[in-house]
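Rule-based calculations on the coordinates, nothing more; no lab input. Here the structure is a predicted model, which means the values were calculated and not measured. No Cβ is skipped: glycine too gets one built from the backbone with ideal geometry, and neighbour counts run over all protein chains shown.
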Amino acid sequence: MSIVERYSKEFAGSSRLYERARGLFPSGITHDIRHLEPFPVYVDRAKGSRKWDVDGHELVDFWNGHGSLILGHCPDDLIAAVQHQITRATHPGACHALEIEWAELVRKLVPSAERIRFTSSGTEATLMALRIVRAATGRPKVLKFTGHFHGWHDFVMPGAYQPYDGSPPRGVADPVVSDTVVIDPNDPAAVERAFRDDPSIGAVIIEPTGGHWGVVPVRGAFLHALRELCDKYDRIFIMDEVITGFRVSPGGAQAHYGVKPDITTMAKILAGGLPGGAVGGKAELMNEIEFRPGKPKIRHPGTYNGNPLSAAAGISALKRIATGEPTRLANDAATRLKRSLNEMLSRRNINWCCYGDFSLLHLMPDYDWPRPDNDDFIPYDGSVRKLDAAKNPKRVHAFRQAMLLNGVDLPGTGMFITACHSSDDIARTVDAVEKSISMLRDDGLDAA
Ligand SMILES: Cc1ncc(COP(=O)(O)O)c(C=O)c1O
């Protein structure tokens, strides 16, 4: 039986739900990256590093709430905090003490966020960050990097997805596109040229470990170079820590690399797996949102800003993260997983490799260069075109189905590792990757 035939048979409960969903939602889904042919998997419940689908399969999970769950699914203390709050007020339509406690924790961990404004998502956070830049500097343009994702609003869509050929993202108006300048990452000279040649660029925004959480890794030297160039040319440095915040270290990538941005955008782990985001930064910039007698301000409503349920979850998560232990456990598990995968791939002479930093890993199929020989290894010397090349969707879908059939749920070829991933999870995952690659071979899908 082929992979897709087995998947369709063994995940029949998901198939039935999809029949109801596909007339309701475009492609039957509510988030693009959950798209899976011929139908996606429907999950019933989750705990720790595992989740269970509607057919009762127990799956080792590497989605972890699209990266929002470094503590794993449903930690008892976080659930208790949310349950306590839900009986008191889900939305008081008023200021509340939890939003203060939440922001105090954020500022303790991320001191560059001198002032903070909560939003409902990471997309809203980067939208506000760019608006603050325009208001504060009068410069309309933003510089961003090929393959770097900062949410789905118009200003950050250019260069976020393939093809990286400058074509405007569908539905985004040309004048907006022309205010977003896209260059390849890891090239300080190109950044300097852009700043020098175009005074209408007000800021640079970056995913600090690399686009799409490190497909093309960025390391500290480039972040330091950006800081220096922003100081030299008087531009604003926005670090988008929506994924890396509270993950790479308790204080995010900026604390790990010792680079202080002017503005930080946050979401995901910030709210402990509930919806929420934040923009934080220098007081003089954040004060653009402040009511100031006789001065104009940026308006910022938002029904769910600082929602108390998200605040309760966020406080619970951040208190644990502040100890440093979750980051250490997640990073350790990721390193062990990366080494075990590369050891198996090398032993079996399979031309794939695993790479990535901190608790964010990626699998690279069809890798015909020298094999990884250290933990900092970057395939193809970091080439954007090679690392972030278009993939054969049929094969990507078949690999995901094969991994599900082998008891592991991967977001494509990436992995968000949590503090809960155990040695048993690692062993199961290595075994699942080995079996899945062999299933691809049996289906004639072993080449790109
Ligand atoms: C780096 C980065 N910035 C911004 C966003 C957008 O966040 P949200 O999905 O909460 O709107 C994401 C989402 O994955 C992200 O990875």
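Considering Cα pairs under 8 angstrom that are at least six residues apart, work out the relative contact order of region 76-321 and quote it in whole percent. The normalised contact order for region 76-321 reaches 30 percent.
Note on HIS300 and ASP165: the model spin-label points, each 7 Å out from Cα along the C-beta direction, lie 3.9 nm apart.
Cα gyration tensor of region 159-263, axes a ≥ b ≥ c as square roots of the eigenvalues: rounded (a/c below 1.5), prolate (a/b > b/c) or oblate? Oblate, since a/c reaches 1.5 and b/c is not below a/b. When you count the other C-beta atoms within 10 angstrom of each residue and take the mean per peptide, 424-432, 396-404 line up highest first as 396-404, 424-432.
For the chain, the Stokes-Einstein estimate of translational diffusion at 10 °C and a viscosity of 1.306 mPa s comes to 70 µm²/s, using the Kirkwood hydrodynamic radius over alpha-carbon pairs.
Tilt of helix 325-347 relative to the longest C-alpha principal axis of the chain, in degrees (0 to 90, nearest 10)? Taking the Cα atoms of the chain, the angle to 325-347 is about 40 degrees.
Taking the DSSP bridge list for region 76-321 and keeping only pairs wholly inside it, about 45 percent are antiparallel.
Centre-to-centre separation between the Cα atoms of region 308-348 and those of region 362-425: 17 Å. Local charge for ALA311 was computed over the other residues whose Cβ lies under 9 Å away, with Lys and Arg +1 and Asp and Glu -1, and equals -2. The stretch between MET1 and GLU19, if pulled fully straight at 0.36 nm per residue, gains 4.2 nm over its current Cα-Cα span. DSSP beta bridges confined to the chain are antiparallel in about 65 percent of cases. Each of SER68, SER200 was scored by other Cβ atoms within 10 Å of its Cβ. Listed from fewest to most, they are SER200, SER68. Between ASP376 and ASP197, the modelled label-to-label distance comes to 3.2 nm, taking each label 7 Å out from Cα in the direction of the beta carbon.
Its relative contact order, with pairs defined as Cα atoms under 8 Å and 6+ residues apart, puts the chain at 20 percent.
For the chain, modelled as a GNM whose springs connect Cα atoms under 10 angstrom apart, the maximal fluctuation among THR30, THR323, THR335 occurs at THR30. With neighbours defined as other Cβ atoms within 10 Å of a residue's Cβ, the residues ARG196, ARG227 order from fewest to most as ARG196, ARG227. Extension gain, THR90 to TYR233, is 46.9 nm, computed as 0.36 nm per intervening residue step minus the present C-alpha separation. What is the angle, in °, between the Cα long axis of helix 308-321 and the longest principal axis of the Cα atoms in the chain? Nearest 10 is fine, range 0 to 90. Result, in degrees: 70. Descending by average beta-carbon neighbour count within 10 Å, the peptides 434-440, 263-269, 167-173, 417-423 line up as 263-269, 417-423, 434-440, 167-173, the highest first. Mean separation of Cα pairs under 8 Å and 6 or more residues apart, divided by the residue count, gives region 27-68 a relative contact order of 21 percent.
Between region 105-168 and region 1-22, what is the C-alpha centre distance in whole Å? That distance is 38 Å. Loop-resident chymotrypsin sites (Phe, Trp or Tyr not before Pro) (DSSP state other than H, G, I, E or B) in region 224-329 with no more than 10 further Cβ atoms inside 10 Å of their Cβ: PHE291.
Roughly what angle does helix 423-442 make with the longest principal axis of the chain, taking Cα atoms, 0 to 90 degrees, to the nearest 10? With both axes taken from Cα atoms, the answer is about 60 degrees. Put simply, the C-alpha atoms of region 76-321 give a gyration tensor, and the ellipsoid matching it has half-axes of 30, 19, 17 Å, longest first. Other residues lying with their Cβ under 9 Å from the Cβ of ARG219 contribute a combined charge of -2, Lys and Arg counting +1, Asp and Glu -1. Among LEU143, LEU105, a tally of other beta-carbon atoms within 10 Å of each Cβ gives an order, fewest to most, of LEU105, LEU143. Estimated at 0.36 nm per residue, the fully extended path between GLU58 and GLU37 surpasses their Cα-Cα distance by 5.5 nm.
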